[in-house]
Amino acid sequence: MGATQDIARFVVETDVEALPERLMHEGKRCLINYLAVSLYASRDPSLNILLDVFREEGGNASASVVGAAARTSMQNAALANGYLAHLDDYDDTHFPTIIHPSAPTFPAALAVAERIGADGRRALAASVIGMEITCRIGMAVHPAHYNEGWHITGTCGVFGAAAASGRLLGMDTDRMAQALGVAGAQASGLRVSFGSMTKPLHPGRSAQSGVLAALLASRGFTSTTEILEGRRGFTEVYSAESDLGRATDRLGDHWELYQNGLKPYACGVVNHPLIDAMARFRDSHGVTADMVESVRAMVHPLVLELVDRPNPRVGLEGKFSYQHSMAVGLVDGAAFPAQYTDERVVDPEIMRLRDLISATVDETQEEGSAEVTVVLNDGRELTEVVEHATGTPENPMSDDQLESKFRALAGRTLSEAQVERALARLWALEEVESVGELFSLFRAGG
């Protein structure tokens with residue numbers, strides 16, 4: 001048996017009752033975070049582009065779009081909800097790989113769960129298992145896969161989406177392996193799209209493709225059952241270096257989901273330690289933008305690889321600019337969606353400060369660490385060392401902080417009473433008899 005069969009068996013045979021309570025709680029945290037960022041993003045006009053296409057195409061209205069009155073097909077709902085989850089770059093991050101596992105997985109699982117009337121516990125378990133598979137396959141191809149230009153959330157997310165969907169549909173091991181094969185044949189997403197609407201489309205398409213893969217395989221549609229390990233299979237074609245042992249080693253005993261972090265800032269995760277440092281200069285030292293002569297940072301190599309954009313033109317590009325993220329961190333003391341609007345990236349004060357900021361690679365820095373020095377006009381130099389950025393597994397957001405994030409983001413779309421009802425139901429997800437009940441709480445004016 002190969003890795004594909006081993007993973008398929010794990011997805012199908014894992015007993016819900018055997019899943020650790022800590023793991024299920026982390027799954028709830030991921031779900032609450034996913035819904036928070038999706039509800040906020042549902043007010044973005046770009047969602048209407050997708051919904052207009054759905055309406056024009058038609059389809060069986062069997063699944064809901066978060067924050068909207070619209071109901072559409074399972075595949076369309078998965079696409080839209082995956083897009084919303086990643087639009088503001090405010091979703092979770094698996095730190096070893098920089099995968100955002102919730103964005104492709106929850107939209108697929110919830111679309112299928114709503115259609116078949118699955119209860120909250122089944123849907124959560126399927127999602128947790130799907131996210132684990134996404135992260136595991138990501139580990140197998142990391143880091144070469146990402147370095148070669150693939151958007152790992154889009155490419156690996158399709159496997160987790162198919163796994164979660166297939167588990168909810170009650171597949172056996174063989175059909176699950178077929179579903180993974182169909183999913184892998186659709187894996188896509190290129191980093192060149194970062195800073196545009198197409199980046200969040202990647203997890204949306206992964207969710208959509210995962211649902212399709214499960215629906216086809218459940219009806220007998222065939223594919224290779226060696227999509228991961230086969231000659232010219234996923235790992236060989238998509239990565240110059242791979243190790244499938246990372247995908248299957250201690251599967252079910254060691255959970256990669258514990259290495260997942262929830263974001264406090266709405267931007268690329270490698271910006272986060274830099275924002276932490278700038279906020280410390282502001283809050284602890286009283287530094288303001290007019291006092292700054294220059295700022296220099298020692299950073300992980302991915303900072304210059306991913307987020308070196310000194311002159312972003314639109315808000316989405318600002319999310320991939322360490323210069324912009326550091327500037328708003330000092331001026332605003334925040335890096336929320338409001339700091340990444342088209343208007344904010346062309347603010348004169350922010351633009352002036354961005355020009356004073358530079359970074360140098362330091363191979364000793366981790367993805368969640370940085371050292372930042374600010375030189376002031378009076379000649380003083382201040383340095384802040386961030387060992388573990390806020391939101392990393394070593395410095396996680398608390399449940400209370402997560403609830404505050406949910407209230408702040410969901411409150412853009414829902415009433416205060418709806419927000420509190422939704423939080424209560426999500427923390428008690430095991431008591432939810434039908435996922436459809438949840439979606440009734442996530443509609444504006446509902």
**OP:** Consider all pairwise Cα distances in the chain and report the whole-number % of them above 38 Å.
**Re:** 20
Original post:
Translational D (Stokes-Einstein, µm²/s) of region 269-386 at 10 °C and 1.306 mPa s when Rh comes from the Kirkwood sum over C-alpha pairs?
Top reply: 116
Subject >> Distance from region 300-333 to region 64-126 (C-alpha centre basis), Å >> reply: 27
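Using the count of nearby Cβ atoms within 10 Å as a rough guide to exposure, how do Asp91, Asp355 rank from fewest to most? Could the numbers behind the result be given before it?
Values: Asp91 29, Asp355 12.
In order of increasing Cβ crowding within 10 Å: Asp355, Asp91.
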Original post:
Of all GluC sites (Glu not before Pro) in region 189-281, which ones are in loop regions per DSSP and have a Cβ with at most 16 other Cβ atoms within 10 Å?
Top reply: Glu241
**OP:** Select from His202, Gln186, Ala162 the residue farthest towards the positive end of the dipole of region 155-219; place +1 on Cβ of Lys and Arg, -1 on Cβ of Asp and Glu, and compute about the Cα centre.
**Re:** His202
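Do any trypsin sites (Lys or Arg not before Pro) in region 163-219 lie in a loop, going by DSSP, with at most 14 other beta-carbon atoms within 10 Å of their beta carbon, and if so which?
Values: sites: Arg167, Arg175, Arg191, Arg205, Arg219; in loops: Arg219.
Loop-located and lightly packed - Arg219.
Once you have the Cα-Cα distance between Ser440 and Gln401, take 0.36 nm times their residue separation minus that, and quote the gain in nm to one decimal.
Values: separation 39, 0.36 × 39 = 14.04 nm, distance 2.48 nm.
Between Ser440 and Gln401, full extension yields 11.6 nm more.
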**OP:** Kindly provide the helix-only [θ] at 222 nm of the chain, computed as the sum of -39,500 (n - 2.57) over DSSP H runs of four or more divided by all residues, to the nearest 500 deg cm²/dmol?
**Re:** -15500 deg cm²/dmol
**OP:** Could you work out which residue, out of Val432, Val303, Val112, moves most in a Gaussian network model of the chain, that is, has the largest mean-square fluctuation with Cα springs under 10 Å?
**Re:** Val432
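Sort Cys156, Cys30 so the one with the fewest other Cβ atoms within 10 Å of its own Cβ comes first. List each step's numbers first, then the result.
Working: Cys156 35, Cys30 24.
Listing Cys156, Cys30 from fewest to most nearby Cβ atoms yields Cys30, Cys156.
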**OP:** Please report how far the C-alpha centroid of region 1-52 lies from that of region 358-417, rounded to the nearest whole angstrom.
**Re:** 25
**OP:** Please work out how much length the chain gains when fully extended from Val53 to Glu236, using 0.36 nm per residue of separation minus the C-alpha to C-alpha distance, in nm with one decimal.
**Re:** 62.3 nm
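Percent antiparallel among DSSP beta bridges with both residues in the chain, to the nearest 5? Walk me through the numbers on the way to the answer.
Values: 18 of 24 bridges.
Beta bridges within the chain, antiparallel portion: roughly 75 percent.
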Original post:
Can you give the net charge of the other residues whose Cβ lies under 15 Å from the Cβ of Val314, counting K and R as +1 and D and E as -1?
Top reply: -1
Original post:
Projected onto the charge dipole of the chain (+1 at Lys/Arg Cβ, -1 at Asp/Glu Cβ, origin at the Cα centre), which of Ala123, Gly411, Ala213 gives the Cα projection farthest towards the positive end?
Top reply: Ala213
**OP:** In debye, nearest 20, what is the charge dipole magnitude of the chain about its Cα centre with +1 on Lys and Arg Cβ and -1 on Asp and Glu Cβ, if you could check?
**Re:** 1340
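Coordinate-derived values only; no laboratory data. Quantities reported herein were computed from a predicted structural model and do not represent experimental measurements. Please note: Cβ atoms are built from the backbone with ideal geometry, for glycine as well, and neighbour counts cover all protein chains shown.
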